[in-house]
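In what follows, a structure is listed as structure tokens, so that the remarks can point back to it.
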Amino acid sequence: MPNLFAVAKPLFDSKIEVKAYALNGKSTDKLFDADMRKFGDVLASHTLDLVGEMGTEPFAGEFPLFISVTEYQLLSGLPASLGIDPNKLIVTIGTDIPFTGAVYQKCDELIARGYKLAADGLLRRVAPDLFFDMFTYLILDHEAPDFDYALSVMRPHIFKIKFVINNVPTMDAFTALNTLHGALFSGEFYSEPVASSSAPISPLKMNALQLLGQINREDFDLIEVADIIERDMALSISLLRFINSAGGYRGKSKVESIRQAVAIMGQLEVKRWSMVAITAQLGEDRPGEITRLSLLRGKFAENLADAFELGMFRPSLFISGLLSLLDVILQRPMEEAIREIAVDQRIYNALVNHRGDIYEVMELILSVMSCDWYAVAVNLHRNKVNATVAAQALIDALVWYRELLEAMAEDE
């Protein structure tokens, strides 16, 4: 069981399309440490250990993964000795690593093996010409006090190095920066909550929301659900692919009608499939990461059920996580968005009123995903949840999502 929270944050291009991920981690026994480089973390980056064990795919899929290394790991021959494909890993060098002759040599060896290097901030002790020869990426923190200065200093070299701007808070801030040639961006800008909106909901989304409302009823009618699915060609094809695939109902004769499919699956399986399929459809006109994050939150919440002594509310936890970005997906305030769906009071209280036992789980998930480690520690302590158990719940959610993608690819 890992003693590490591992969070893969997406890096977007100027079109808000994911191009890479950056792995952030925190040891479960050091949650109250504000500094990621406290004594004990200097000798070992636990995130690199985890990637060495699991590979990059659970965290980044087919995209490259930015990951920090320590001086000790660099001098020890990592990450090259882990056998990770150089095209899948971008080695991030922090400003705290002294550029001795031995460090230069190890960086040269990594570059010779095909790895790309990223400088996590301005490395003032590295000569400019050597800096541009060594590093493909320069990471700058939008929240850092010297961000404007660092950007102004490096902007003239925009064609020599690619910028990675972290912690971009809003869409306005992103818009002001996205003219930077070849830059990548991370932050909360792509999932900003919506305060108000008058934009109409498209007919296809209304049909999907009607289906969500139907399956969230206590004892919904399968025939009515089938009728709603039949009105949507994409949902109909998705359901028939699912039930006729190896991941659906192996050994059964081919199913050719929606009514037959829902009758075979029953309420529980129909509800499960619908939640995933509808979330993907609702998010089609939003950044793809919104769908991924919704699904991860849902599975993470479900995995935490027993730790929070909420085992009997496991389905409600999954739904709460899945719908936690409904305001972003529908581009309207959460209270207004959630009215389109017949959710129970527990879910409503968690997503709209921000209170109740399910909200405690959602609060933990939001803190983990934003790497607010102090808030994570406080939540775990307040709810008497074992940190290692919670960290494993996140890893299991990442693995589940990867397997879900693979199963969906096989169906196509």
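The values are calculated or read from the model by the stated rules, or taken from the named source; none is laboratory data. Since we're looking at a predicted model, the values are computed, not measured. Please note: Cβ atoms are built from the backbone with ideal geometry, for glycine as well, and neighbour counts cover all protein chains shown.
Please go through segment 52-73 and pick out each residue that is aromatic (Phe, Trp, Tyr) and assigned to a helix (DSSP H, G or I). PHE59, TYR72 - these are the residues of segment 52-73 that are aromatic (Phe, Trp, Tyr) and assigned to a helix (DSSP H, G or I).
Against the condition touching a Leu at 6+ places or on another chain (Cβ under 6 Å), assigned to a helix (DSSP H, G or I) and either under 26 Å from PHE220 (Cα atoms) or not assigned by TED's automatic domain parsing to the domain that holds LYS271 (or both), how does ILE329 come out, does it pass? So ILE329 passes the test. Among the numbered conditions (1) within 22 Å of PHE163 (Cα to Cα); (2) of a type outside the set (Ser, Thr, Tyr); (3) part of a loop (DSSP other than H, G, I, E, B); (4) in contact (Cβ under 8 Å) with a residue 12 or more places away in the chain, the only one that LEU78 does not meet is (1).
Consider segment 214-230 and keep the residues that are surrounded by 15 or more Cβ atoms within 10 Å (Cβ to Cβ) and aliphatic (A, V, I, L, M). The one that is nearest to PRO315 (Cα to Cα) is ILE215.
To keep it simple, each residue is scored yes or no on (1) of a type in the set (D, E, K, R); (2) within 25 Å of GLN281 (Cα to Cα).
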{"site": "VAL328", "(1), (2)": "no, yes"}
{"site": "GLU335", "(1), (2)": "yes, yes"}
{"site": "ILE338", "(1), (2)": "no, yes"}
{"site": "ILE347", "(1), (2)": "no, yes"}
{"site": "ASP357", "(1), (2)": "yes, no"}
{"site": "GLU363", "(1), (2)": "yes, no"}
{"site": "SER367", "(1), (2)": "no, no"}
{"site": "TYR374", "(1), (2)": "no, no"}
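A count restricted to segment 364-386 and to residues that are touching a helix residue (DSSP H, G or I) at 6+ places or on another chain (Cβ under 6 Å), free of Cβ contacts under 8 Å to residues at least 60 places away in the same chain and over 17 Å from LYS9 (Cβ atoms) stands at 1. Considering the conditions (1) within 23 Å of TYR190 (Cα to Cα); (2) in contact with a Lys or Arg (Cβ under 7 Å, 6 or more places away or on another chain); (3) part of a helix (DSSP H, G or I), SER324 is excluded by exactly one of them, (3).
Annotation: of all residues in segment 1-51 being in contact with a His (Cβ under 9 Å, 6 or more places away or on another chain) and part of a strand (DSSP E or B), the one that is modelled with the highest pLDDT is ALA6.
Take the conditions over 24 Å from LEU82 (Cβ atoms), free of Cβ contacts under 8 Å to residues at least 60 places away in the same chain and not basic (Lys, Arg) and apply them to PHE163. Does it pass? Full working, then the answer.
Numbers: over 24 Å from LEU82 (Cβ atoms): yes; free of Cβ contacts under 8 Å to residues at least 60 places away in the same chain: yes; not basic (Lys, Arg): yes.
Here the answer is yes, as PHE163 does meet what is asked.
In segment 334-362, the residues that are in contact (Cβ under 8 Å) with a residue 12 or more places away in the chain and surrounded by fewer than 19 Cβ atoms within 10 Å (Cβ to Cβ) reach residues that are among the polar types (S, T, N, Q) and assigned to a helix (DSSP H, G or I) with C-beta atoms within less than 6 angstrom, at least six apart or across chains, in these pairs: ARG346/SER316. The lone criterion from (1) buried (at least 19 other Cβ atoms within 10 Å of the Cβ); (2) modelled with pLDDT of 90 or more; (3) in contact with a strand residue (DSSP E or B) (Cβ under 7 Å, 6 or more places away or on another chain) left unmet by PHE63 is number (1).
When restricted to residues that are more than 16 Å from PRO79 (Cβ to Cβ), surrounded by fewer than 16 Cβ atoms within 10 Å (Cβ to Cβ) and of a type outside the set (Lys, Arg), segment 104-140 contains 7.
Output yes when any residue across segment 217-231 is within 28 Å of the chain's Cα centre (by Cα), without any contact (Cβ under 8 Å) to a residue 40 or more places away in the chain and more than 18 Å from THR92 (Cα to Cα), and no when none is. Let's see the steps before the verdict.
Filtering segment 217-231 for residues within 28 Å of the chain's Cα centre (by Cα) gives none.
No - not one qualifying residue is present in segment 217-231.
Being within 30 Å of MET54 (Cα to Cα), in the same structural domain as LEU75 (by TED's automatic domain parsing) and small (Gly, Ala, Ser) is a condition met by at least one residue of segment 90-111. The residue that is farthest from SER14 (Cα to Cα), counting only those in segment 281-321 that are in a loop (DSSP other than H, G, I, E, B) and at pLDDT 90 or above, is GLU309.
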